[in-house]
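Trainee: Have a look at this one.
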Amino acid sequence: MTGEGLSERKAREGGGKVRSRLRLKGSGRSIREFDTVFQSHSDSQALAGRDELAHLLEEVRAACRAQRCKTVEVLYRRALTIDEGFAEAWYGVGLLSLQGGNLDEAYSCLSEFAALTVDQERAEQVEAALFFLERLAGGGEELPPDLQEELEEQFLAAFSDRGWMDEPLAALEGLSPREAARTRKGKAKVLALMREMEWFWEAVVRMVLKNDSLQEEEESNA
């Protein structure tokens with residue numbers, strides 16, 4: 001692939017049958033964009049929502065540092081009652097639902113994230129996760145085998161430790177996660193191992209603390 005995203009390649013090789021989540025709802029809002037978004041509203045309700053949301057995000061950061069997974073999920077759900085366009089909250093709830101084994105809710109929330117986000121790299125990762133969940137459920141688009149494998153590998157690479165997907169594992173009867181993921185039964189086992197390793201929770205923590213670091217850097221440069 002030379003500069004072509006997976007969504008574009010899926011559209012080209014899959015006969016145009018590609019999810020349109022990335023274009024459904026326009027631009028989403030990241031944590032660092034909230035101040036700018038709320039500055040366009042002068043009414044007191046919007047200002048109150050801004051203050052409450054800012055407080056919730058501070059609590060999210062603190063809960064991530066303290067490794068309080070359930071607290072983070074509760075806070076993100078509360079944030080969505082304030083602003084349903086908060087893409088990162090959909091990402092957080094989606095991955096934490098996946099961590100907890102609620103695959104239907106994970107799929108729904110991650111779909112919302114993919115529709116809202118302006119973060120193309122993370123959107124591609126989530127599209128791969130959605131495809132993985134679709135195939136696990138016995139559905140999904142029929143794509144060329146090499147593209148299906150590429151999507152599955154992108155999902156594994158995005159949400160696991162480096163090199164893990166090529167490591168033969170006893171839990172997978174000697175297969176590597178990459179090999180096991182080629183069947184529905186294998187996908188279920190691979191997903192269970194990823195949940196056991198708490199990699200979906202770790203992905204949420206990385207996202208939150210990365211955004212926090214970027215915000216601190218911007219403030220120090222202001």
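The values are calculated or read from the model by the stated rules, or taken from the named source; none is laboratory data. Bear in mind that the values here come from a model prediction, so they are computed numbers and not experimental data. Cβ atoms come from the backbone with ideal geometry, glycine included; neighbour counts cover every protein chain shown.
Trainee: Of all residues in segment 136-183, how many are among the basic types (K, R) and in contact with a helix residue (DSSP H, G or I) (Cβ under 6 Å, 6 or more places away or on another chain)? Please lay out each step first, then the result.
Mentor: Going through segment 136-183, the residues among the basic types (K, R) turn out to be 162, 178, 182.
Add one more test, that the residue is in contact with a helix residue (DSSP H, G or I) (Cβ under 6 Å, 6 or more places away or on another chain), and what stays is 178.
So the answer is 1.
Trainee: Let me ask another. What is the one condition in (1) within 13 Å of the chain's Cα centre (by Cα); (2) free of Cβ contacts under 8 Å to residues at least 12 places away in the same chain that E105 does not satisfy?
Mentor: Result: E105 fails condition (2) only.
Trainee: Within segment 59-73, can you find the residues that are surrounded by 15 or more Cβ atoms within 10 Å (Cβ to Cβ) and over 30 Å from K189 (Cβ atoms)?
Mentor: First, pick out the residues of segment 59-73 that are surrounded by 15 or more Cβ atoms within 10 Å (Cβ to Cβ): 59-61, 63-64, 68-69, 71-73.
The answer is E59, V60, R61, A63.
Trainee: With the structure loaded, tell me whether G85 is on the phi > 0 side of the Ramachandran plot and either exposed (fewer than 15 other Cβ atoms within 10 Å of the Cβ) or modelled with pLDDT of 70 or more (or both) or whether it fails that test. Steps first, answer last, please.
Mentor: Details: on the phi > 0 side of the Ramachandran plot: no; either exposed (fewer than 15 other Cβ atoms within 10 Å of the Cβ) or modelled with pLDDT of 70 or more (or both): yes.
Answer is no for this residue.
Trainee: Still on this structure, please answer the following. All but one of (1) on the phi < 0 side of the Ramachandran plot; (2) at pLDDT below 95; (3) surrounded by fewer than 18 Cβ atoms within 10 Å (Cβ to Cβ) hold for G163, so report the exception by its number.
Mentor: Only one criterion is unmet by G163, namely (1).
Trainee: Condition (residue is small (G, A, S) and within 19 Å of the chain's Cα centre (by Cα)) applied to segment 165-178: is it met by at least one residue?
Mentor: Taking segment 165-178 first, the residues small (G, A, S) are 170-171, 174, 176.
In the following step, the residues that additionally are within 19 Å of the chain's Cα centre (by Cα) were identified as none.
No, segment 165-178 contains no residue that is small (G, A, S) and within 19 Å of the chain's Cα centre (by Cα).
Trainee: Any residue at all in segment 158-177 that is closer than 21 Å to L96 by Cα, part of a loop (DSSP other than H, G, I, E, B) and of a type in the set (S, T, Y)?
Mentor: yes
Trainee: Just checking, does segment 150-163 include any residue being polar (S, T, N, Q), free of Cβ contacts under 8 Å to residues at least 60 places away in the same chain and within 16 Å of G92 (Cα to Cα)?
Mentor: The answer is no, given that none of the residues of segment 150-163 is polar (S, T, N, Q), free of Cβ contacts under 8 Å to residues at least 60 places away in the same chain and within 16 Å of G92 (Cα to Cα).
Trainee: Also, quick follow-up: Just a yes or no: is a residue in segment 94-101 surrounded by fewer than 20 Cβ atoms within 10 Å (Cβ to Cβ), modelled with pLDDT of 95 or more, at negative phi and part of a helix (DSSP H, G or I)?
Mentor: So in segment 94-101, the residues surrounded by fewer than 20 Cβ atoms within 10 Å (Cβ to Cβ) come out as 100-101.
Adding the requirement that they be modelled with pLDDT of 95 or more leaves 100-101.
Narrowing the set further to residues that are at negative phi leaves 100.
If we keep only those that are part of a helix (DSSP H, G or I) as well, we get 100.
Yes, there is a match, as at least one residue in segment 94-101 is surrounded by fewer than 20 Cβ atoms within 10 Å (Cβ to Cβ), modelled with pLDDT of 95 or more, at negative phi and part of a helix (DSSP H, G or I).
Trainee: Inside segment 97-126, can you point out the residues that are within 17 Å of E202 (Cα to Cα) and touching a Lys or Arg at 6+ places or on another chain (Cβ under 7 Å)?
Mentor: Passing the criteria: Q99, G101.
Trainee: Could you list, in sequence order, all residues of segment 168-194 that are farther than 17 Å from F132 by Cα and surrounded by 13 or more Cβ atoms within 10 Å (Cβ to Cβ)? Lay out the reasoning, then the answer.
Mentor: Start the filter on segment 168-194 by keeping residues that are farther than 17 Å from F132 by Cα, which leaves 168-175.
The answer is L169, A171, L172, L175.
Trainee: Same structure again: Return yes or no: is V190 under 18 Å from E121 (Cα atoms) and at pLDDT 95 or above?
Mentor: Working: under 18 Å from E121 (Cα atoms): no; at pLDDT 95 or above: yes.
Against the criterion (under 18 Å from E121 (Cα atoms) and at pLDDT 95 or above), V190 does not qualify.
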